[in-house]
Amino acid sequence: MLAANSGPAVAALARQTQTIPIVVASVLDPVGAGVVASLAKPGGNITGFSAVEPAITGKWLELLKDIVPDLRRVAVIFNPDAGPLAPLYLHSVETAGALFSVEATGISVHETSDIERAISSVAQERGSGLIVLPDVFTISHRKQIIALTAKHRLPTIYALRYFATDGGLLSYGPSPLGLFRQVGSYVDRILKGEDPANLPVQGPTKFELVINLKTAKALGLDVPLFLQQRADAVIE
């Protein structure tokens, strides 16, 4: 039995064995990465849990509106070369934006210079906010993204906890601890004889909200008390 924590890790293990069961804790796009045939029927020796939940975009917009009541426009930045997930998220953001009276647009970034141009452009319009999609590119360049959103005083929400702990305004996404607990349940079932080929790849069931009050203060934003009370972690 093997366990992996990411897409690259499970891909590396998959190249070594097609017989030993592998359970992955968090992979952004298991089908796109080629590690399973489908979410419902993985079909091989690999199964586990995906960190992808496009419907979460509605919650991202709600949280941004709670902190920035006059939010009128939100941009979504992503790297289209990092995977096929962006269209799913963008469609979900556009649908949710109509409910919150917020115009949603997508901005693709390929190079580090694109990041600065995108954030600078969005920040020029009042009532704007930013959503950073979780992909390999944005994750690896998160320090630059966080620094630029601070420089341009642009309210930004992220999908992953460590963006907020690294200085981002807030994050809302799957709980890493929750994903690992789910892995334990699959390991138990496989050890008891179930075939990983028949265990569906499941989405996250527990989400966490992290708010960085220090960053909010630097941006001149007041975080409502009710939001602080709902947060799983508040950084002061």
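The values are calculated or read from the model by the stated rules, or taken from the named source; none is laboratory data. None of the values given here were measured: they were computed from a predicted structure. Note that we place each Cβ from the backbone using ideal geometry, even for glycine, and neighbour counts take in every protein chain shown.
Structure notes:
- Residues being part of a helix (DSSP H, G or I) and either modelled with pLDDT under 95 or surrounded by fewer than 16 Cβ atoms within 10 Å (Cβ to Cβ) (or both) - total across region 66-113: 21
- Evaluation of ARG181 against (1) in contact (Cβ under 8 Å) with a residue 40 or more places away in the chain; (2) assigned to a helix (DSSP H, G or I) (one fails), failing number: (1)
- Subset of region 185-212 (residues that are in contact with a Pro (Cβ under 9 Å, 6 or more places away or on another chain) and either of a type in the set (Phe, Trp, Tyr) or in a loop (DSSP other than H, G, I, E, B) (or both)): TYR186, ASP195, LEU199, PRO200, VAL201, GLY203, PRO204, THR205, LYS206, PHE207
- Where strands (runs of 3 or more DSSP E) fall entirely within region 1-56, those with at least 3 residues that are buried (at least 18 other Cβ atoms within 10 Å of the Cβ) are at 22-27, 46-50.
- In the set (1) surrounded by fewer than 18 Cβ atoms within 10 Å (Cβ to Cβ); (2) in a loop (DSSP other than H, G, I, E, B), the condition left unmet by GLN229 is number (2).
- Here ILE119 passes the criteria (1) over 22 Å from LYS151 (Cβ atoms); (2) buried (at least 20 other Cβ atoms within 10 Å of the Cβ); (3) in contact with a strand residue (DSSP E or B) (Cβ under 8 Å, 6 or more places away or on another chain) except the one numbered (1).
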